[in-house]
Amino acid sequence: MIATDPVFFTAQIRDIEQQAMKLPNPPPLMEKAGLAAAQAIRDRLLKRSNQSILVLAGPGNNGGDAFVVARYLKGWGNTVTVVFAGDRNRIPADAKQALQVWLACGGDLHPGIPDGDRNWDAAVDGLFGIGLDQSNNRPIEGQYRDWIETVNRMATPVVALDIPSGLGSDDGCIYGVAIRATLTITFIGRKPGLYTNFGPECCGEVILCDLGIHLPSAPQPQIWLLNHMLAASLLPPPRSANSHKGSFGNVAILGGSAGMTGAALLAGRAALHSGAGRVYAGLLAENAPAVDFFQPELMLRPPSGLFELTQLHCLIAGPGLGQSAQALAWLETALDCNHPLVLDADALNLLAQHPNLANRLKQRNAPGILTPHPAEAARLLNTDSAAIQSNRMNAALQIAQKFNSYVVLKGAGSICCFPDGKRYLNTSGNPALSTAGTGDVLAGIIGALLAQGLNPGPALLLAVYLHGAAADRWLRQHQGMLGMTASEVIVEARSLLNEWIYQHASNFMNDGSA
């Protein structure tokens, strides 16, 4: 896999800052951050000079960045109003110096937001950034909460410095209230909270300004963004003219108990449309259909028929499986198979209920891939959904280590975690995916990519990004998030996958690499 954009926890960002300040000629980080942010605001949001800009400055270094931003914007001919309610004598040294320079150039301070109904051309959030104390979950209250709520009601572009105030930089949680930014200009490195949980909702577009820091021994990332650049590097190659259905693998799906056969059929259809050569569905329901008339290419049979197949490249267990004694018995059989195993839905619930299954999964020689949503993740870790969402990054890691498996913790900013602890934050997808069956579709896509020869990690990453990108394309076409069905995700994913493979092959030929 190619190197992609690294993501750093707050402690790592602090480490980078401290190392930078120990260099022989330490860079003026606050000045560089403020200038970079001011330039981005000018270039992206301000259509003319002499515009009216509201700047909220907090009592820490984020406030210092805000003073620098205000000074540059004022120097470029804009009317800048700085709101500050901290103690000038207790703010950090760099922030105090930035404040003094702001005042020296003719700037002033306001103790509150003046003229609440005023039409500002832009608002800048420099209240807390990563300085918010997340260790004790202390929510933002009082005057700062009032300011944030006032800005959120404004019909004006809002720019957050480093991270929207009130948003946890490591977890994406909202601590009481959070700025809803149009644009977030983050410094030094990307933070997990920008991309998962409430991050995508609060941050708007994210721009990284690394401030040109070059260290001899920088912290090594363990988290990266899952974006189009990374996904494109994982694509299977174009198909050879001399190929057949056996060239692209066989996928089996175990599930489809009474009243839930549709889940298994959706997973099977997704696997077919994502390129698997053959797809078999073993349905538990007594009255299971003998044929899928909407997708007759699917080969339907009782569950026992799956384990009679001599050539199988991936087994998906869980879509519509149920939690009956019969379902448990078949899941135990699946765990004994020596194929890559994708566990979804009720397979995860059974795994949580029966510790002996967890041990068997952990000891398998073939790879496992788990696809829990927060409630399923909570059951796997014997906790509740709130605890999972309060620390999604750690929850994904715990599941991967507990079951020695690859994991995608689904949700806003899905987190893919490998058994060795590497994590990837997905940047595709939208709330249109909040509908029945989309998880079954994801499982089917993962299985198809495994069957076509991708290793488990790349198959998981490509499937998760493709799944979200399909929903993004649907949203663009329909100009809204309501009413997308899981079946439509399958069609959009197939179209995108073909386009990407063709484009990737064309770029490979055109750049002279062939």
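What to note about this one:
- Residues of region 19-77 satisfying the condition of being among the charged types (D, E, K, R) and more than 21 Å from residue 183 (Cα to Cα): 22
- Whenever a residue of region 492-504 is assigned by TED's automatic domain parsing to the domain that holds residue 429 and hydrophobic (A, V, I, L, M, F, W, C), its partners that are surrounded by fewer than 17 Cβ atoms within 10 Å (Cβ to Cβ) and not in a helix (DSSP H, G or I), lying with C-beta atoms within less than 7 angstrom and at least six residues away or across chains, give the pairs 501/238.
- Segments classed as helices (runs of 4 or more DSSP H), wholly inside region 25-105, with at least 2 members that are under 33 Å from the mean Cα position of the chain (by Cα) and assigned by TED's automatic domain parsing to the domain that holds residue 213: 29-44, 61-75
- Hits in region 21-44 (condition: closer than 19 Å to residue 130 by Cβ and at pLDDT below 95): 21, 27
- Residue check for residue 68: surrounded by 17 or more Cβ atoms within 10 Å (Cβ to Cβ), at pLDDT 95 or above and touching an Asp or Glu at 6+ places or on another chain (Cβ under 7 Å): yes
- Single condition residue 145 does not satisfy, out of (1) touching a strand residue (DSSP E or B) at 6+ places or on another chain (Cβ under 7 Å); (2) at pLDDT 95 or above; (3) closer than 14 Å to residue 56 by Cα: (1)
- When the residues of region 304-330 are filtered to those that are part of a loop (DSSP other than H, G, I, E, B) and free of Cβ contacts under 8 Å to residues at least 60 places away in the same chain, the one that is nearest to residue 273 (Cα to Cα) is 309.
- None of 305, 262 is within 34 Å of the chain's Cα centre (by Cα) and either surrounded by 17 or more Cβ atoms within 10 Å (Cβ to Cβ) or not acidic (Asp, Glu) (or both) except 262.
Yes/no per residue for (1) farther than 19 Å from residue 11 by Cβ; (2) acidic (Asp, Glu):
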| site | (1), (2) |
| --- | --- |
| 143 | yes, no |
| 153 | yes, no |
| 156 | yes, no |
| 167 | no, no |
| 171 | no, yes |
| 191 | no, no |
| 200 | yes, no |
| 203 | yes, no |
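The values are calculated or read from the model by the stated rules, or taken from the named source; none is laboratory data. All figures in this text were calculated on a predicted structure; none of them were measured in a lab. Cβ coordinates were reconstructed from backbone atoms using ideal geometry, including for glycine residues, and neighbour counts include every protein chain displayed.
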